[in-house]
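A.B. asks: After the structure tokens below, expect a handful of questions from me.
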Amino acid sequence: YIQNEDSLSNISIKNGLKSNFINQVIEDQNGNYWISSSKGLFSLEGESLIDKTAQFFNDNRGTGSILEDSKGNIWFNVSQNVYKVQGEEYTEFQVQDGEKDLLPFFIYEDQQNRIWFVGFGGAFRKDHEKFTFITKDGPF
């Protein structure tokens, strides 16, 4: 369900989603909604529902967590990879600690504007061009 002003709308396969299994919905700073589903990432821009991942994944991969960071970039995950959407440009990051896939499923931004991930491999964050695995001793 998407809330617009005083109304609540049901968005489903009938409206163009490829799946009714929804993981998360966020509203970005422009008032558009991003919908993470078991068959891709969609944005609702006004009355237009747009499949944001069809051009990258021809097998309808499920997306998990979504975050809009303080710079207006959209972050989302698909399996062990993380993606950043900056305007119309997509950047893919493979998240690994050595040979170990970290399998992120939650994405957060802290007060210092660092992007953090929590997954089956533990906690880690994006530090410039690499991912830092966080242990009980840090780094924090």
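A.B. asks: Look at Phe42 and say whether it is under 28 Å from Phe131 (Cβ atoms), part of a strand (DSSP E or B) and modelled with pLDDT under 90.
C.D. replies: Working: under 28 Å from Phe131 (Cβ atoms): yes; part of a strand (DSSP E or B): yes; modelled with pLDDT under 90: no.
It is false that Phe42 is under 28 Å from Phe131 (Cβ atoms), part of a strand (DSSP E or B) and modelled with pLDDT under 90.
A.B. asks: Let me ask something additional. For a quick check of your reading: which strands (runs of 3 or more DSSP E) sit entirely within the range 86-140 and have at least 1 residues that are at pLDDT 80 or above and open to solvent by 70 Å² or more (accessible area, probe 1.4 Å)?
C.D. replies: Numbers: elements: 89-94, 104-109, 115-119, 122-127, 130-134.
So the answer is 89-94, 104-109.
A.B. asks: Looking only at residues in the range 43-74 that are farther than 20 Å from Phe106 by Cβ and hydrophobic (A, V, I, L, M, F, W, C), which one is most open to solvent (accessible area, probe 1.4 Å)?
C.D. replies: Taking the candidates together, the pick is Phe56.
The values are calculated or read from the model by the stated rules, or taken from the named source; none is laboratory data. Predicted, not measured: the structure shown is a model, and the values here were computed from it. No Cβ is skipped: glycine too gets one built from the backbone with ideal geometry, and neighbour counts run over all protein chains shown. In case anyone asks, the SASA skips ligands and DNA or RNA and just uses the protein heavy atoms, side chains included. Shrake-Rupley method; radii C 1.70, N 1.55, O 1.52, S 1.80 Å.
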